[in-house]
Amino acid sequence: MSKSRSEGSWSVVDIKTVGVIGAGQMGSGIAHVVALGGYDVLLHDVSAERIDEGIALIERNMTRQVARGVIEHTAMQTAIARIKPAVELQTIGTTDLAIEAATENEETKKAIFKALQPHLGPNTLLASNTSSISITRLASATDRPGKFIGLHFMNPAPVMKLVEIIRGIATDADTYEIAVSFAQSLGKTTSNAEDFPAFIVNRMLMPMINEAIYTLYEGVGTVDAIDTAMRLGANHPMGPLELGDFIGLDTVLSIMNVLYEGLSDSKYRPCPLLVKYVEAGWLGRKSGRGFYDYRGDKPVPTR
């Protein structure tokens with residue numbers, strides 16, 4: 001394991017406070033599991049309203065866990081009490097570990113780390129929840145590439161068991177060990193991924209969703225036919241078009257662009273229909289329409 005703080009490093013048991021930057025679906029999910037794991041959490045977003053919405057979402061999701069018998073009511077109360085709003089980004093600098101969970105855009109993420117940097121303690125670890133962007137490049141925008149790592153929680157974070165751990169070229173061995181121990185302390189299973197575009201899960205998952213969209217685009221099948229075929233023919237719990245809507249079609253497009261640009265292989269070219277849906281603002285569940293229309297009592301295919 002890692003050395004003591006007096007020797008310039010520390011172990012996971014010394015991580016007491018965790019900052020989460022981004023209170024959306026992913027950020028609130030990460031704050032949820034980190035608080036249940038026994039850590040104090042500071043949750044930041046661009047406005048107090050967004051933070052309040054994130055905390056309210058955490059409470060709703062924990063209430064469902066209590067109803068299903070996943071956690072005890074007392075555990076929920078204790079975890080909620082551990083989560084505090086951090087309206088000012090600089091407050092995150094006081095934490096032992098800061099996890100960025102903002103939108104999947106490289107410049108946005110770099111801007112966050114640059115703004116946070118002057119307020120960081122000397123030993124604060126930095127992590128990004130990016131699902132596709134180079135950890136090496138993100139780390140290079142900070143003053144501590146050795147203390148920077150990728151912690152890619154799957155969505156929804158309170159339910160999914162996997163955390164991908166991605167080392168940049170400059171990530172210290174101690175940082176990696178601490179990250180693995182931290183994720184495992186949350187009850188997660190870890191998988192090490194090398195720092196290549198989209199890592200492991202999304203390197204395979206997003207092209208599948210993109211291919212499903214091509215299948216729709218070329219008229220091979222309808223939305224319902226494609227999703228039914230994959231649910232019943234491949235035993236997938238959710239069809240690929242429904243899954244794309246759940247993830248967010250803007251996120252799917254962003255990751256496909258990272259793959260296409262990063263690997264220069266035409267097989268990763270985003271489907272034109274995916275581009276059109278994003279241009280229309282039909283991003284999936286979060287916008288009310290994607291490959292399904294969610295504005296009624298029951299989702300209805302849009303094609």
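The values are calculated or read from the model by the stated rules, or taken from the named source; none is laboratory data. Since we're looking at a predicted model, the values are computed, not measured. No Cβ is skipped: glycine too gets one built from the backbone with ideal geometry, and neighbour counts run over all protein chains shown.
When residue 223 is tested against (1) touching a strand residue (DSSP E or B) at 6+ places or on another chain (Cβ under 9 Å); (2) farther than 11 Å from residue 241 by Cβ, just one condition goes unmet, and that condition is (2). For residue 251, the criteria (1) modelled with pLDDT of 95 or more; (2) crowded, with 19+ Cβ neighbours inside 10 Å; (3) of a type outside the set (Asp, Glu) hold in every case but one, which is (1).
Which of the residues that make up segment 212-232 are out of contact with any Ser or Thr (no Cβ under 8 Å at 6 or more places or on another chain), touching a residue at least 24 places away in the same chain (Cβ under 8 Å) and closer than 23 Å to residue 257 by Cα? Within segment 212-232, 212, 213, 214, 217 meet the criteria. Just one of the listed residues (29, 37) is modelled with pLDDT of 95 or more and closer than 20 Å to residue 177 by Cβ, namely 37.
Of the residues 278, 300, 201, which is β-branched (Val, Ile, Thr), within 17 Å of residue 130 (Cβ to Cβ) and at pLDDT 95 or above?
Numbers: 278 fails: within 17 Å of residue 130 (Cβ to Cβ); 300 fails: within 17 Å of residue 130 (Cβ to Cβ).
Step by step, each of 278, 300, 201 is checked, and only 201 is β-branched (Val, Ile, Thr), within 17 Å of residue 130 (Cβ to Cβ) and at pLDDT 95 or above.
If I filter segment 265-283 down to residues being part of a helix (DSSP H, G or I) and of a type in the set (Phe, Trp, Tyr), which single residue comes out as farthest from residue 216 (Cα to Cα)? Explain how you work it out, then say what you get.
Step one: filter segment 265-283 for residues part of a helix (DSSP H, G or I), giving 266-268, 272-279.
Filter once more, so that each one left must be of a type in the set (Phe, Trp, Tyr): 268, 277.
Values: 268: 17, 277: 13 Å.
Going through the qualifying residues, I end up with 268.
Being surrounded by fewer than 17 Cβ atoms within 10 Å (Cβ to Cβ) and either in a helix (DSSP H, G or I) or small (Gly, Ala, Ser) (or both) narrows it down to one residue among 245, 224; which is it?
Details: 245 fails: surrounded by fewer than 17 Cβ atoms within 10 Å (Cβ to Cβ).
From the options 245, 224, the qualifying one is 224.
Of the candidates 207, 197, 272, 299, the single residue that is more than 24 Å from the chain's Cα centre (by Cα), over 20 Å from residue 24 (Cβ atoms), surrounded by 15 or more Cβ atoms within 10 Å (Cβ to Cβ) and not hydroxyl-bearing (Ser, Thr, Tyr) is 299. Restricting segment 248-264 to residues that are within 16 Å of residue 105 (Cα to Cα) and either of a type in the set (Phe, Trp, Tyr) or not in a helix (DSSP H, G or I) (or both) leaves a set whose member that is nearest to the chain's Cα centre (by Cα) is 248.
Of everything in segment 13-59 that is hydrophobic (A, V, I, L, M, F, W, C) and more than 19 Å from the chain's Cα centre (by Cα), the residue that is surrounded by the most Cβ atoms within 10 Å (Cβ to Cβ) is 15. The set of residues from segment 58-75 being assigned to a helix (DSSP H, G or I) and either free of Cβ contacts under 8 Å to residues at least 12 places away in the same chain or closer than 14 Å to residue 159 by Cβ (or both) comprises 58, 60, 61, 62, 64, 65, 66, 67, 73, 74. Restricting attention to segment 81-136, the residues that are at pLDDT 95 or above, more than 24 Å from residue 33 (Cα to Cα) and not in a helix (DSSP H, G or I) add up to 1.
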